[in-house]
C-alpha cells in the first residue's frame, strides 16, 4: 500500500509518499513544497493543487493521510491552512483516494506511543521507524512522514 502524507500549510506543505511492504515502511518521496509570499493567496492554492495532482499522478498512492487543523491563536492563518487542506482533500477525492485525517495527539500516539510527545521525540522516532536517507529532511517533511505512518497504522479504519 502507498500512502500520501500531508502536513498542511499554504506557505510550506510537507509531502511524503510511503510504501508499506514487509518490514519497515519505505519513504519513496518527500519534500517541503513552498509557495512564494509575493503570490496572491489564490495563486498559492492553485500551486498546491497542481503539486498534489502531479504527486498523485506520479506515485499513484492508495490513500491520503492529512493532519487535522490545530487552531492556534492566529485565526487568519488557521483559516488559510484550512483552505489549503481543502485543496489537498479535493485533489485526493478527485483521484478516488481513501482519506484519513488525524489530530496532532493521534499522530504523536501512533509514532511515539505518547499523545503528548514533543516535536523532538516525534522526529527521532520517525527516523527510527522508516527507511530514510540520512540527508537532512525539513521538519515539514518529517511531519508528513509521521502523518503517513499514522495513516498506515490506521489503514483498516478508512
Handout entry: Filtered residues of the range 47-84 (kept if touching a strand residue (DSSP E or B) at 6+ places or on another chain (Cβ under 8 Å), assigned to a helix (DSSP H, G or I) and more than 17 Å from residue 31 (Cα to Cα))
Key = none
Practice task
Quickly run through the range 1-38 and pick out the residues that are crowded, with 19+ Cβ neighbours inside 10 Å, free of Cβ contacts under 8 Å to residues at least 60 places away in the same chain and not in a strand (DSSP E or B).
Solution key: 35
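So is residue 51 without any contact (Cβ under 8 Å) to a residue 60 or more places away in the chain, surrounded by fewer than 22 Cβ atoms within 10 Å (Cβ to Cβ), within 14 Å of the chain's Cα centre (by Cα) and under 29 Å from residue 133 (Cβ atoms) or not? Break it down into steps so the answer makes sense when it comes.
Details: without any contact (Cβ under 8 Å) to a residue 60 or more places away in the chain: yes; surrounded by fewer than 22 Cβ atoms within 10 Å (Cβ to Cβ): yes; within 14 Å of the chain's Cα centre (by Cα): yes; under 29 Å from residue 133 (Cβ atoms): yes.
So residue 51 passes the test.
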Fill in the blank from the handout: Within the range 70-93, the count of residues that are without any contact (Cβ under 8 Å) to a residue 24 or more places away in the chain and in contact with a helix residue (DSSP H, G or I) (Cβ under 8 Å, 6 or more places away or on another chain) comes to 2
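Based on this model, can you work out whether residue 123 counts as in contact with a helix residue (DSSP H, G or I) (Cβ under 9 Å, 6 or more places away or on another chain) and either more than 12 Å from residue 5 (Cβ to Cβ) or part of a strand (DSSP E or B) (or both)? Break it down stepwise before answering.
Details: in contact with a helix residue (DSSP H, G or I) (Cβ under 9 Å, 6 or more places away or on another chain): yes; either more than 12 Å from residue 5 (Cβ to Cβ) or part of a strand (DSSP E or B) (or both): yes.
Answer is yes for this residue.
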Fill in the blank from the handout: Of the residues in the range 126-151, those that are part of a loop (DSSP other than H, G, I, E, B), within 17 Å of the chain's Cα centre (by Cα) and under 22 Å from residue 22 (Cα atoms) come to 132
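Could you list all residues from the range 102-111 that are touching a helix residue (DSSP H, G or I) at 6+ places or on another chain (Cβ under 9 Å) and either in contact (Cβ under 8 Å) with a residue 40 or more places away in the chain or surrounded by fewer than 19 Cβ atoms within 10 Å (Cβ to Cβ) (or both)? Give the derivation first.
Start the filter on the range 102-111 by keeping residues that are touching a helix residue (DSSP H, G or I) at 6+ places or on another chain (Cβ under 9 Å), which leaves 102, 106-111.
Result: 102, 106, 107, 109, 110.
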Fill in the blank from the handout: Those residues of the range 90-105 that are under 19 Å from residue 1 (Cβ atoms), assigned to a helix (DSSP H, G or I) and either modelled with pLDDT under 95 or more than 15 Å from the chain's Cα centre (by Cα) (or both) come to a total of 1
Practice task
Please give the number of the condition residue 44 fails out of (1) free of Cβ contacts under 8 Å to residues at least 24 places away in the same chain; (2) part of a helix (DSSP H, G or I).
Solution key: (1)
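Within the group 107, 99, which residue is in contact with a strand residue (DSSP E or B) (Cβ under 6 Å, 6 or more places away or on another chain) and under 28 Å from residue 128 (Cβ atoms)?
Numbers: 107 fails: in contact with a strand residue (DSSP E or B) (Cβ under 6 Å, 6 or more places away or on another chain).
It is 99.
The values are calculated or read from the model by the stated rules, or taken from the named source; none is laboratory data. Worth saying up front: this structure is predicted, and the values here are computed from it rather than measured. Methodologically, a virtual Cβ is constructed for each residue, glycine included, from the backbone with ideal geometry; neighbour enumeration extends over all protein chains shown.
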